[in-house]
Amino acid sequence: MFEMDKRLAGDTVVLGDFALSRVLLMNDSRYPWLILVPRIADASEVFELSAEQQQQLWQETNTVAQVLNSAFNADKINIATLGNVVKQLHMHIVVRMQNDEQWPAPVWGRGAAQPYTEGALVEIRERLQAALAAHLLADNKVGL
């Protein structure tokens, strides 16, 4: 049975579900940053997914990257799976701008996260859910 890692759940806000993955917003207002978590029990590596699941994860990752790139006019989109702290398989898709505080360094492990204010969280959730609406499963959208 699929369960979210407690750390991922504590650091993010659920936006909804794709066919394979739960779509999460990282609660760090420094960067528009989404995380995809395949709803596959005990998966920690991409190679543990079936070929069809791997293809679905990559399609969902590409969708999120394109949506973020368009919505935020990104200078660069960073895509990565790390799993050194959180073992559960998850894909990071992060908008990078040349004027962000860490450019051109990676965002991981640098500086303290700046959680969204309540108002900013509502705004970005609505913006991202609207941008992803064609891809989110209608019965699994959160907050709509």
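The values are calculated or read from the model by the stated rules, or taken from the named source; none is laboratory data. All figures in this text were calculated on a predicted structure; none of them were measured in a lab. When we count neighbours, we look across all protein chains shown, and the Cβ atoms used for this are built from the backbone with ideal geometry, even at glycine.
Overview of values
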| quantity | calculated |
| --- | --- |
| Residue under evaluation L82, criteria (1) in contact with a His (Cβ under 8 Å, 6 or more places away or on another chain); (2) at pLDDT 95 or above; (3) among the hydrophobic types (A, V, I, L, M, F, W, C); (4) farther than 17 Å from L136 by Cα, criterion not met | (2) |
| Check on L57, within 10 Å of the chain's Cα centre (by Cα) and of a type in the set (A, V, I, L, M) | no |
| Identity of the residue in the range 114-144, part of a loop (DSSP other than H, G, I, E, B) and surrounded by 14 or more Cβ atoms within 10 Å (Cβ to Cβ), that ends up modelled with the lowest pLDDT | V142 |
| Residues located in the range 49-102, provided they are in contact with a strand residue (DSSP E or B) (Cβ under 7 Å, 6 or more places away or on another chain), outside any helix (DSSP H, G or I) and of a type in the set (S, T, Y) | T81 |
| From the options S70, S21, residue that is hydroxyl-bearing (S, T, Y), under 20 Å from L132 (Cα atoms) and buried (at least 19 other Cβ atoms within 10 Å of the Cβ) | S21 |
| Answer residue from the range 1-16, given it is within 24 Å of A130 (Cβ to Cβ), of a type outside the set (A, V, I, L, M) and at pLDDT 95 or above and is surrounded by the most Cβ atoms within 10 Å (Cβ to Cβ) among those | T12 |
| Top-ranked residue in the range 95-111 [being among the hydrophobic types (A, V, I, L, M, F, W, C) and crowded, with 17+ Cβ neighbours inside 10 Å; ranked as farthest from D11 (Cα to Cα)] | V95 |
| Members of the range 24-48 that are in a strand (DSSP E or B) and either exposed (fewer than 14 other Cβ atoms within 10 Å of the Cβ) or not aliphatic (A, V, I, L, M) (or both) | W33, P38 |
| Tally, over the range 73-94, of residues that are surrounded by fewer than 17 Cβ atoms within 10 Å (Cβ to Cβ), touching a helix residue (DSSP H, G or I) at 6+ places or on another chain (Cβ under 8 Å) and of a type in the set (S, T, N, Q) | 1 |
| Positions within the range 47-90 being in contact (Cβ under 8 Å) with a residue 12 or more places away in the chain, closer than 25 Å to G10 by Cβ and of a type in the set (S, T, N, Q), in sequence order | T61, N78, T81, Q88 |
